[in-house]
Amino acid sequence: MAQAELTDFGLDRPESGDDVAVPFTLEALDCRGRVVRLGPALDAILRRHDYPEPVSRLLGEAIVLTALIGSSLKYDGKFILQTNSEGPVSMIVVDLDAPDGLRACAKFDAAAVDAATAAGRTSPADLLGTGHLAMTVDQGTHMDRYQGIVALEGDGFEVAARHYFLQSEQIPTEVRLAVAEHAKRGDRPRWRAEGMLVQYLPRDGKRHLPDLPGDGDFDNPETADPHFAEPDGWTEAKALLATLGDAELVDPDVSSERLLFRLFHETRLRLFDAEPLEERCSCSAERIEDMLMNNFTAEERRDMAVNGEIEVTCEFCSTAYHFSPGQFEPKN
């Protein structure tokens, strides 16, 4: 993987645009992470669903978090983030179809969302309520699925992500997420978002993100100290990240490289190749036909038909597929 170091003299590589993930290391602080910047891909997903504004904003945060975590995993398959909770937004599902395809949808109580909006209670914590957040790595039918679950206890995605990494990986982690609508003069507002994940990964035992090359053996969980004493490097990384405001994070005129340079230029910041992301649904007529054939009986398929036709609409991309019950019957 190509890499570039940013120095006090400025940027020494072209600045990437929207819909990318940029991995980086902070070598002076023993930290590494990635920043995800989403524009057209996020806008396409949220505009297609046309959810109420608070639901779109919440779903945008979930999409950015999925991209931050899922794009770091090198495998064939899917990374899936899913919430189930008791708040106005009862379920969110986001898929990252490796290595770069994002799709997402949400289920919510419209009346409860309206009431929360009228009361000014539309933070991620307010909309999610209590429940759980599951993150699943699915590498296909011939590989075991891995799933990590963390409780949602009246907190948003940033807190849940920190708990997830401490619980499942014992890696101190900070996450910042921001979603907003921006409009150029004469143009409609467009959704955009950015997220940054920073982790403390010294060379004395903590695991490393699998996509970043390392100079030593970080993969030694047996030496990890469960009673983590915060070192100076991690304290400084968190303090620098805390200076980042939402407006700066989603500024369309500030690239990922420039944002990282502003925050971390004195920490031996090293960048790796930008990785593209896109809005892409994995549904297809063939997959749905296979699902109808293998998961339902002939009688159930006949009961599904309306005016002699079975209609199946993808919850992610809203594409409608049409089938005849007779096409599943054995041909003489």
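3J(HN,Hα) along the range 306-318: 10, 6, x, 9, 9, 10, 10, 10, 5, 5, 7, 10, 6 Hz, from the Karplus curve 6.51 cos²θ - 1.76 cosθ + 1.60 with θ = phi - 60°, whole Hz, x for Gly and Pro.
Largest GNM mean-square fluctuation among ARG32, ARG57, ARG188, using the chain with Cα springs under 10 Å: ARG188. Working note: Karplus 6.51/-1.76/1.60 with θ = phi - 60° gives the range 249-264 the couplings 5, 9, 5, x, 9, 10, 6, 4, 4, 5, 5, 5, 5, 4, 7, 10 Hz, where Gly and Pro are set to x.
Beta bridges per DSSP, both residues in the chain: antiparallel share near 95 percent. Cβ distances below 4.7 Å define possible disulfide partners, and in the chain the cysteines left without one are CYS31, CYS105. Among THR25, THR130, THR235, the largest mean-square fluctuation in a Gaussian network model of the chain, built with springs joining Cα atoms closer than 10 Å, belongs to THR235.
The long axis of helix 232-242 is offset from the longest Cα principal axis of the chain by roughly 60 degrees. Please give the helix 285-295 orientation as an angle from the longest Cα principal axis of the chain, in degrees from 0 to 90, rounded to the nearest 10. The angle comes out at about 70 degrees. What label, among [x] 23.2, 79; [y] 21.7, 76; [z] 21.9, 70, belongs to Rg and Dmax of the Cα atoms in Å computed from the structure on display? Computing Rg and Dmax of the Cα atoms in Å and matching it to [x] 23.2, 79; [y] 21.7, 76; [z] 21.9, 70 gives [y]. Secondary-structure-derived ellipticity at 222 nm for the chain, considering helices only, amounts to -8500 deg cm²/dmol, per-run term -39500 (n - 2.57) for DSSP H runs with n ≥ 4. Between LYS184, LYS74, LYS107, the Gaussian network model of the chain with springs among Cα atoms under 10 angstrom shows the greatest mean-square fluctuation at LYS184. Relative to the longest principal axis of the Cα atoms of the chain, the long axis of helix 157-168 makes an angle of roughly 80 degrees.
Taking amide H positions as modeled 1.01 Å from N, with prolines and chain starts lacking one, no residue 5 or more places away or on another chain lies under 5 Å from SER123. Among TYR321, TYR146, the ranking by other beta carbons within 10 Å of each residue's beta carbon, starting with the fewest, stands as TYR146, TYR321. The alpha-carbon atoms of the range 285-328, seen along their principal axes, cover 28, 23, 14 angstrom, with the largest extent given first. With the Cα gyration tensor of the range 232-332 giving a ≥ b ≥ c as the square roots of its eigenvalues, does the rule (a/c under 1.5 for rounded; else a/b larger than b/c for prolate; else oblate) give rounded, prolate or oblate? The shape class here is prolate.
The fewest-to-most ranking of GLU169, GLU278, GLU61 by surrounding Cβ atoms within 10 Å reads GLU278, GLU169, GLU61. Listed from fewest to most Cβ neighbours within 10 Å, the set ILE171, ILE63, ILE45 follows the order ILE171, ILE45, ILE63.
Bear in mind that the values in this text are calculations on the coordinates, not laboratory data. In this text the structure is predicted, and so the values were computed from the model without any measurement. Because the Cβ atoms are built from the backbone with ideal geometry, glycine has one as well, and the counts that use them run over all protein chains shown.
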